[in-house]
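Have a look at the structure below before the remarks.
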Amino acid sequence: MLTYRSVPGVRSTERRGIGFLEGHSELDAGGEFDALPEKVLRQLRTYIDQWLVCQPDIPTRYHGFWDKPKYKDCQVFKPRGKKKESRFYGFLCHPQLKTRKRFQLCVLCIHALKNERDTDDAELDRVLDWLCNTGARMAIAMEFPDVSEGETQ
């Protein structure tokens, strides 16, 4: 069963939230995040906080893939480390279109180590698979129900 878990140590805003999709062996972003050294963890939380308050993309820290229309709903966060470059890939969605249309959620799915400058499109294809996954949508809906007062789901 897939589940959604908010990123620990950061607070969602009225406009944005971020968390992990978990419950499948391919979904390793949450476990890798939890295993980061404290210094890298603090840095990554700072980048996430910047994204949460709607600061524009900072390509060395986090960004979308606006130059690749197929991957327009993908996002990456890039903490700095001494070894290979660590990447946390996820997708963007609007889980509450009825009740909070402008609220955007970043759902981190996949962690990867990378040496090359450009992102491997195969990683982004995997993220898109999770974006379209029914179980993923159900897990997100459990945490972000989209019902108005008096309405039942």
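Among residues of segment 132-144 that are closer than 19 Å to residue 102 by Cα, those with a beta-carbon under 6 Å from a residue that is modelled with pLDDT of 95 or more and buried (at least 16 other Cβ atoms within 10 Å of the Cβ) at least six positions away or on a different chain give the pairs 140/4; 140/95; 143/4; 144/95; 144/96. Of the strands (runs of 3 or more DSSP E) lying entirely inside segment 1-75, those containing at least 1 residues that are of a type in the set (Asp, Glu) are 16-22. Of the residues in segment 96-104, at least one is surrounded by 14 or more Cβ atoms within 10 Å (Cβ to Cβ), assigned to a loop (DSSP other than H, G, I, E, B) and hydroxyl-bearing (Ser, Thr, Tyr).
Might you let me know whether segment 111-123 holds any residue that is at positive phi and assigned to a loop (DSSP other than H, G, I, E, B)? No, segment 111-123 has no match at all.
For segment 4-57, the set of residues classified as under 18 Å from residue 93 (Cβ atoms), surrounded by 19 or more Cβ atoms within 10 Å (Cβ to Cβ) and either touching a residue at least 60 places away in the same chain (Cβ under 8 Å) or among the basic types (Lys, Arg) (or both) consists of 4, 7, 17, 18, 19, 20, 21, 27, 29, 30, listed by residue number.
Residue-by-condition table, conditions (1) within 13 Å of the chain's Cα centre (by Cα); (2) of a type in the set (Gly, Ala, Ser):
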| position | (1), (2) |
| --- | --- |
| 30 | yes, yes |
| 64 | yes, yes |
| 73 | yes, no |
| 80 | no, no |
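The values are calculated or read from the model by the stated rules, or taken from the named source; none is laboratory data. Only a predicted model underlies this, so the values are computations on that prediction, with no experimental measurement involved. Don't worry about glycine lacking a Cβ; one is built from the backbone with ideal geometry, like all the others, and counts go over all protein chains shown.
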